[in-house]
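The structure appears right after this line, and notes come after that.
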Amino acid sequence: MRTNKLLISFIALFTIILTACDPGVKYNKVVQNDSDFDLTIYIYPESKVGDGSFYTFDSVQINNHTETSIFEYSGLGQTFEFEDCNTFADSIFARVIGIDTLDYDINLNDKSKWIFSVLDNTFKEGGLCECRIRITNDMIK
């Protein structure tokens, strides 16, 4: 009788532990510069007090034919929480380095221009995901 109570207690505890585990998620926001030009990306983080910014810089240089993660988040959550590709910033824009007369015709603040991908699924829909935007020569005029 005591063995049955112990077994039932163990199963109940095990079930509670499994249902209480929150999945982990890692999210990156990547700018892929496939153009022949070096770019500087400028980021103006949200100015909400206490919100905390995940951007560790206000500008970053992305050389031609390279990519850079401009935003990283790692914590509890699920990948679907990042599907909208929110910028988590007031604005993001780019400049072509060294040629002031060139500009690009893509709005980095437009969430629909970013492509969401789940790179690795883990327990309870956690995992590794990213939003990526690709800048090409055709976008720079």
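Here are the numbers:
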item	result
Segment TYR73-TYR42, extension gain: residue separation times 0.36 nm, minus the distance between their alpha carbons	9.3 nm
Computed over the range 23-139: relative contact order in percent, which uses C-alpha pairs under 8 Å that are six or more apart	39 percent
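Readers should treat all values here as calculations from the given coordinates under stated rules, not as data from a laboratory. The structure displayed is predicted, hence computed values, not measured ones.
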